[in-house]
């Protein structure tokens, strides 16, 4: 029984377009042009309990819109959404008590008051028992190292500090389903790692279902086995992260270190030279031609070191988004 | 059952505490807010004092009763027209509403709680400020003679509080469709509402036909009618009729606010982020 079921979900917005400048403004005052923006266009997927799924796509792909539909904020234009057997749109208290949506770009804490006040309010709103509240809060505060900022007005916190407090506020009621929209935005590498570890651990320990969107491939690579790639409102890939590499990376990368200066022109006979600056070269070679290319290199060039590597996942996904057809 | 009630009371209690705390974060803002409402009171007071001059009665009002009306307006402004739910429109536009929509808390109860806190705080300071003014300017203050007046007044006041809340909620919900919510808000909220509510002068100084029309709108039941009851210028029958009409408007606006909210929420874009 899947925890999240989405069938043919569509969400269209009507926006009015305005040409730049004052003339454009005047024009739009008289005759306004409306246009349908297909933020999410007929997507379907299912997510089982305890899965940690990465949602990736370029800006404006429809990731956040999907999460907003799943958490009951947006009314779908068409399609069926079911989360924990609820229709999110009904916003039933029993549903809302089991989910959380964290948006890296958006503040859910009470802006003018210290974060601690929001935590206490959430405790009452979500009816979290006192002992559980103290325990969870203590654990989260220690882990995210925010002991010192709890009493400071939220608006005076740095982005990273605020983000950590957002996470705490979202987790105090131990949600079964967690939607994380770029939770590591604005954090330094050390904190990114901490948050990742924390999400992983939370998912493992509570068997909670998590959907994560992120611009940092690092987040997705480390956390998710399954990814859903979405572009222009449509799902272009849904499967194991490792499958993307097998399926779409038809090239491998040869990294070579030469012992002596060579003629770079000759190198291009082996494969596509991505980079050459003595003594290092990076050559892209078709998967099936790798062994031949490696042998050639070793035979005809003064090779000091040779490595065969998979194309980095970031590059594959970049290629996917830049128009290479995946379907 | 009792436990459940207690638990949900706690959530509103905490929400009230937070709302109250927000007021005290910005001291200057707070002082200016009080200053503004005090200046409004003084302006209205001196305006009427100037109009009366040496006369003891005008437009069917004795001087003392008119001054009592003006003092009454200051109180009803804070108790009936004081509100936080006006923020709702801005929150719909900016997408800030998202944070409340995600919480398992009713939208009406959330804003009503904040409104009540605003009203109580407003009322507390109004008592202090107007008390001082009434004392120093020796303004006669009117206390009703008949016991039932207090009952009618209290009843209409509660109805008026809810009526204003749902009117305000109804107006705010337009923000789901139009971005230009301040125009409607200003037109209805300031011009129509306060004018026809009797927040500047008693409605019955106007010509009869206009009065009759205004009495058909929900507005005079917010300020004018409660004050007329307090000043004991209405018969029991008229007072009860006013209470009933107010109740009717309350039901209408409760329905309208609900309807508009349900339709509008489907238009919510949860913008930003």
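Laboratory data are not the source of any read-out in this text; all were calculated from the coordinates shown. Bear in mind that the values here come from a model prediction, so they are computed numbers and not experimental data. For neighbour counting, all protein chains shown are included, and Cβ atoms are generated from backbone atoms with ideal geometry for every residue, glycine included.
Rank A:109, A:297, A:171 by mean-square fluctuation in a GNM of chain A with C-alpha springs under 10 angstrom and give only the top-ranked residue. Greatest mean-square fluctuation among the candidates belongs to A:297.
Of B:66, B:107, B:213, which has the largest mean-square fluctuation in a 10 Å C-alpha GNM of chain B? Highest fluctuation of the listed residues: B:213. Neighbour counting of Cβ atoms within 10 Å sorts the residues B:56, B:19, A:118, fewest neighbours leading, into B:56, B:19, A:118.
Treating each Cα of the stretch A:100-244 as an identical point scatterer and summing with the Debye formula, the log10 of I(q)/I(0) at q = 0.14 Å⁻¹ comes to -0.67. The label-point distance for residue B:62 and residue B:49, in a model that sets each label 7 Å from Cα toward Cβ, rounds to 2.0 nm.
Helix B:236-265 versus the longest principal axis of chain B: what angle, 0 to 90°, nearest 10, using Cα atoms? Taking the Cα atoms of chain B, the angle to B:236-265 is about 20 degrees. Between residue A:319 and residue B:87, the FRET efficiency estimated from the beta carbon spacing at R0 = 41 angstrom works out to 0.30.
Residue by residue along A:72-80, Cβ atoms of other protein chains within 10 Å of the local Cβ number 3 on average. Once the Cα atoms are used to define both axes, helix A:21-30 deviates from the longest principal axis of chain A by about 50 degrees. Give, as ranges by residue number, the residues of the stretch A:42-61 whose backbone N falls under 18 Å from the point 7 Å along Cα→Cβ of residue A:310. Zone members listed by number: A:53-56.
Per-residue Cβ neighbour counts within 10 Å put B:79, B:30 in the sequence B:30, B:79, beginning with the fewest. Please work out the FRET efficiency for the pair residue A:147 and residue A:269, using the Cβ-Cβ distance as r and a Förster radius of 45 Å; give the result to the nearest 0.05. FRET efficiency, residue A:147 to residue A:269: 0.15.
The helix-based estimate of mean residue ellipticity at 222 nm for chain A, built from -39,500 (n - 2.57) per DSSP H run of four or more residues and divided by its residue count, is -10500 deg cm²/dmol to the nearest 500. For chain B, a Gaussian network of Cα nodes joined below 10 Å ranks B:233, B:21, B:211 by mean-square fluctuation, and the top entry is B:21.
Legend: mean number of C-beta atoms from other chains within 10 angstrom of residue C-beta atoms, peptide B:101-109, equals 6. Relative protection proxy for B:45-54, A:281-290, from highest mean packing down: A:281-290, B:45-54 (other beta-carbon atoms within 10 angstrom). Over the residues of chain B, the helix contribution to mean residue ellipticity at 222 nm works out to -23000 deg cm²/dmol, using -39500 (n - 2.57) for each DSSP H run of at least 4.
The mean count of C-beta atoms from other chains within 10 Å of the C-beta of residues in B:16-26, rounded to a whole number, is 3. For the stretch B:14-53 versus the stretch B:228-263, the inter-centroid distance based on Cα atoms is 27 Å. Averaging the Cα positions of each part gives two centres, and for the stretch A:106-120 and the stretch B:140-172 these lie 35 Å apart.
Packing, taken as the mean count of other beta carbons within 10 Å per residue, orders the peptides A:13-19, B:127-133 from highest to lowest as B:127-133, A:13-19.
Averaging the Cα positions of each part gives two centres, and for the stretch A:155-173 and the stretch A:266-307 these lie 49 Å apart. Classified by the C-alpha gyration tensor, the stretch B:1-85 has an oblate form. Its axis ratio a/c, with a ≥ b ≥ c, is 1.5 or above, and a/b does not exceed b/c.
Shape verdict for chain A, please, from the Cα gyration tensor: rounded (a/c under 1.5), prolate (a/b greater than b/c) or oblate. Prolate shape, in that a/c is at least 1.5 and a/b is the bigger ratio. Compared with the dominant Cα axis of chain B, that is its longest principal axis, helix B:2-25 is turned about 70°.
How would A:148, A:250, A:315, B:115 line up from fewest to most surrounding beta-carbon atoms within 10 angstrom?
A:148, A:250, A:315, B:115
Give the shape of the stretch A:2-128 as rounded, prolate or oblate, defined through the alpha-carbon gyration tensor: a ≥ b ≥ c are the square roots of its eigenvalues, a/c under 1.5 means rounded, and otherwise the shape is prolate if a/b is larger than b/c and oblate if not. Note, shape of the stretch A:2-128 comes out oblate.
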